[in-house]
Structure formats: structure tokens, C-alpha cells
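Chemist: The structure is given below, and queries will be raised subsequently.
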Amino acid sequence: MIGSARYWREIPQRYRYEAATCDACGKIHFPPRLVCSSCRGTRFSRTTLAPEGAVETFTIIRVPPTGFTAETPYAVGIVRLDDGVKVTAQIVDADLDELRIGQRVRVEFRRVQKEGEAGLLCYGYKFVPVGV
Amino acid sequence: MRDVAVIGVGMNRWGELWEKSHRRIWTEAALEAIADAGVDHVDALYVGCMSGGLFMGQEHLGALLADQLGMGPIPGTRVESACASGGLAFRQAYLAVASGEHDIVLASGLEKMTDVDGGAATYALSTAADQEYECYHGITFPGLYAMMARVHMHRYGTTREQLARVAVKNHANGLLNPLAQFQSRITVEDVVRSVLVADPLRVLDCSPITDGAAAVILAALPQKGSKREPVKVAASAAATDTIALHDREDIAWLRSTDVAAAKAYAQAGITPEDLSFCEVHDCFTIAEVMVIEALGLTGRGKGGEAAASGMTALGGRVPVNPSGGLKSKGHPVGATGIAQVREAVLQLRGESEGRQVEGARWGLTQNMGGTGASSVVHIFTRA
């Protein structure tokens, strides 16, 4: 259940890919947080995540949650970005039978879901294969 | 801290219990545990429940259940740690007795999952993952474990058949447990031909949606004139990890289980080789594979071979999930951790008819929340 305030709060991450680098140890946090999980530092600088990375693992969702029925089956993966940060997102415009661990991918801004109850169109990042 | 024992256990047949309310299911299990222990009161109760709100539209279970048991005004505490709620409720009850705050405590677990439709149940379960940065993108719980399985298979060569063998073994054990939801033998062929849910996991790799409750009674040792042979809680430990799978250094390693188990072995003064049996959190076949690695029953990456080789079968070196596990016994999430304790107690009393591990001396239970963001490990022995 994604209310409009809840959706709006995450826009800097979902639309602009904003992350936070710990000033003390350099660990990049996505989404930003108040305490660094590596060194408990509390001072951060705003940064933007790397646009490309490689598929660390993935699955093909055949039994979807509410709001994702139209695009089923679809791939969701964990992408290790070139800055070392890992994110979970859909991998689209890919041949599901050809998808492999290690596949290079690039971020794109897409519609992610239509929230049923409030009718919100929800946007964010997805990944597409590079060099295919 | 005082020594603590389990002196009574209770559980009803699990399954799709449309004719029974959550109050009735829970109270039946609680009354059985109280009768088994032969006590006339409890000083407090703890109940593990993952999502009374989303599954039943009912919170405030500590008070509700104390009243149902006719034992108000005793304190009632609801404990939540997703699918590890039962294990953590047991740990809170253990700490309450060990600390001296209470002498006799009821630890219980409850989940009524079939009053909502499949979509709502899937949503409720998904709240154990990161709603904003995992579920937002359309991932499901089978999907998260599928991503762990894919890394395990890619890195360690774990095979599709090895995963299937976990389900086959646990269904075979469940056939010997009259309270299990499924009483059916399945084959490797059945598993690998069942419907794909999230590649590479299929429906027979997944634990089911279940209604059920379980309860146990804890008391301080020594127990004078106890009706039942007390089973000692030799260790109690819990640990956490990142809630989002992608935030972990190693997606194919259950750090919370590793950390909790290491603490528990140290408390009990034993090593994994001393264990007679384990009840572990096989919410998916890959979960059992990864859990037994983190518990040190096999080397890292070697968990896939255990079920296939017979090592973890009844009669094997260390039987895992003699009760049938979550896969066959059912997985009413909040009750699972308590049912694991019940099985450990029955095994150590020598009362697991049909599935008894001969000469059982040390038993371990491992209950896990989400993709391993929380783990609770207990070790039991004869008092």
C-alpha cells in the first residue's frame, strides 16, 4: 500500500539515484541513512550511484505480487554497480532465456508499478542489458 | 541466571483450518501444553505472531490470549521477528524464567493465514523484506530465496536435484508426523516437474500457507515432582543481519544463523558433531541447504550434498527436520519456532513415535526471519 507521501519521500532515490557516502570510511549507502553500518559515522556527502554494473543474481518471477500481473513473467535481479553498491531491480528488454550471472547492465528510468488502491503510477530504476 | 527447562508441550493438527478461529487454535495448543506440564497456572505468556494485523485484522494478542486462557491479569507479550517470531518468543520466555522474573511461563506461537486470499497472504509475508527497496520492484519471497539459490548453484555447483532431495526428505518425515499439514510422499521427479514460482524454485520447493499454533511451558530447574521429564534449555542465542538481501557482502551465506549458532554452541559447551538432530527453517529447500552450512553441519558450499547423501535423513548422521520441517509440517509463520521446540522436546523425551532419533541427547532448533535478517538458535538436552 503506497500512499502518496510514502511515494514522494523516496523520489530522490528512485528518480535521481541519490546515495550517501560516509565521510569517515567512504562506504556508499543506498538509500542514505543516518548511521554508517561500517563505522557508525554520522556525516555523509551526497553522491549519485554508478549507472552501470553486472548482474550478481536474478530470478524470473512467475507468480507475481499484486500490481505486477500484466508484465509476468519478468526478471528481477541484484545488480552490483561499478561503485560496489548492490541494488534490487527489474531487468527488462532482456531475453529471459539468455540472462546470465555477470551480464552487464545499464540503469534506465521506467514505470515500475501501478499501485492499485490509490491508482498511483510508480516510477523508478530498472536495468537493461548492455551490448545486446 | 537460573537453569531453565521445558516441562510441557502442545500442538494441534496444522493445515487449512477454516472451521476454527485463531483464538480456538491457539487456546487448544496452550491447554494441551498446560495439561502436559501438569501445572495449574502460568505467571506470564509470550506469543510469537508475525502479522495478526494483516492476516486476521487483530493485534493486541498478548491481552486477548491471556483472557482466552482464563488467566488474566497475567502479563501477555506478543513478539514479532517475521518468520522467527516463535523462536524469539521462546527466547523471551526463557529469559523471563532464567532471570528470576517469573517461575512458570507459557511460550507460544500463532498464525491464522487462510482467512485472507493468496494475494493478501503473499503481501503480508513480503513485509518481512524491505518494502521500499526490494518489494517495490516486484520481488517476492520465493524470488528472494531463488536469487540466493542461483548464487549457490553457480558458485558451488549445487544442483536442481539436490534441492529437490530436501523436499523429498522432509515430506517423507512429515508422513510420520500425524500433526503435519501434508501427509504425502513426493519424488524428485514431482519436485522438478512442479510449477515454476521463481526460477529456479518451484512450488514443491516452497513451504505452504498454514493455520496453526503451538505452545510450550518453561520452568526453572530443578523441577520437583514434575509430571514430565524436563528438557533443559542448554543454549539460547539470537542475531540479526541486513534486512535487504542486496546489502549483504555474501548473498549465499546466512550470517545471522552463523553468529547465533556460534554463541549457542559456546553456551552449551558442544560442537556441531555432538548434535543428535536439528529442526531448521526450511521455508524453501535452498534455505535448509544454507542453514545447515551456517550451523556447521557441513562445510561452506557443501549443504546441497547433505540431503542427497542421506546424511540428514532419519537414520543418517544428523537427522534434519524429523518433524517434516516447514515444508511438510506446514509454516504458520509465528508458530513455527515453537513447533520446532516441541519436536526437540519430544525427541529428547523419546516420545517421537515413528520418527524417533534413537539415543537423542542434544537437539538444536533454528528459526529464521525474512531472508535471514534474524535468526534464533536454541540447544536442548535431557535435564
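Chemist: Looking only at segment B:223-278, how many residues end up being hydroxyl-bearing (Ser, Thr, Tyr) and either within 13 Å of another protein chain (Cβ to nearest Cβ) or under 15 Å from B:Met368 (Cβ atoms) (or both)?
Modeler: Qualifying residue count for the region: 4.
Chemist: If I filter segment B:111-126 for residues that are away from chain A (no Cβ under 14 Å) and of a type in the set (Gly, Ala, Ser), do I get at least one hit? Reasoning before the result, please.
Modeler: Start the filter on segment B:111-126 by keeping residues that are away from chain A (no Cβ under 14 Å), which leaves B:111-115.
This time we only want the ones that are of a type in the set (Gly, Ala, Ser), so: none.
No - not one qualifying residue is present in segment B:111-126.
Chemist: Considering segment B:297-325 alone, what residues qualify as being without any contact (Cβ under 8 Å) to a residue 60 or more places away in the chain, part of a helix (DSSP H, G or I) and under 19 Å from B:Tyr265 (Cβ atoms)?
Modeler: B:Ala306
Chemist: If B:Val188 passes every condition in (1) assigned by TED's automatic domain parsing to the domain that holds B:Met113; (2) within 13 Å of B:Ala164 (Cβ to Cβ) but one, which one does it miss?
Modeler: (1)
Chemist: Name the helices (runs of 4 or more DSSP H) wholly within segment B:118-212 that hold at least 3 residues that are crowded, with 21+ Cβ neighbours inside 10 Å and among the acidic types (Asp, Glu)?
Modeler: Where helices (runs of 4 or more DSSP H) fall fully within segment B:118-212, none carries at least 3 residues being crowded, with 21+ Cβ neighbours inside 10 Å and among the acidic types (Asp, Glu).
Chemist: Among the residues of segment B:66-73, is any more than 9 Å from chain A (Cβ to nearest Cβ), in contact (Cβ under 8 Å) with a residue 40 or more places away in the chain and either polar (S, T, N, Q) or within 22 Å of B:Leu17 (Cα to Cα) (or both)?
Modeler: Looking for residues that are more than 9 Å from chain A (Cβ to nearest Cβ), in contact (Cβ under 8 Å) with a residue 40 or more places away in the chain and either polar (S, T, N, Q) or within 22 Å of B:Leu17 (Cα to Cα) (or both), one finds at least one in segment B:66-73, hence yes.
Chemist: Which helices (runs of 4 or more DSSP H) sit wholly inside segment B:48-101 and have at least 3 residues that are farther than 15 Å from B:Trp26 by Cβ?
Modeler: Qualifying helices (runs of 4 or more DSSP H): B:85-98.
Chemist: Could you list, in sequence order, all residues of segment A:46-92 that are farther than 18 Å from B:Ala244 by Cβ, at the interface with another protein chain (Cβ under 8 Å from one of its Cβ atoms) and of a type in the set (A, V, I, L, M, F, W, C)?
Modeler: Once the filter is applied, which keeps residues that are farther than 18 Å from B:Ala244 by Cβ, at the interface with another protein chain (Cβ under 8 Å from one of its Cβ atoms) and of a type in the set (A, V, I, L, M, F, W, C), segment A:46-92 yields A:Ile60, A:Val63, A:Phe68.
Chemist: Right, something else. Report the residue count in segment A:93-113 for those that are within 20 Å of B:Cys135 (Cα to Cα) and more than 12 Å from chain B (Cβ to nearest Cβ).
Modeler: Looking only at that region, the number is 3.
Chemist: Let me confirm something: among B:Ala220, B:Ala213, which residue is under 21 Å from B:Thr381 (Cβ atoms) and either in contact (Cβ under 8 Å) with a residue 60 or more places away in the chain or within 13 Å of chain A (Cβ to nearest Cβ) (or both)?
Modeler: The match here is B:Ala220.
Chemist: Quick check on my filter: what residues within segment B:1-47 are within 18 Å of the chain's Cα centre (by Cα) and part of a loop (DSSP other than H, G, I, E, B)?
Modeler: B:Asn12, B:Arg13, B:Trp14
Chemist: Okay, next question. Identify, by number, the condition in (1) farther than 28 Å from A:Gly77 by Cβ; (2) within 19 Å of the chain's Cα centre (by Cα); (3) assigned to a helix (DSSP H, G or I) that B:Thr257 doesn't meet.
Modeler: (1)
The values are calculated or read from the model by the stated rules, or taken from the named source; none is laboratory data. As the structure is a computational prediction, the values presented were derived from the model and not from experiment. Neighbour counts are summed over all protein chains in view; Cβ atoms, including those assigned to glycine, are modelled from backbone coordinates with ideal geometry.
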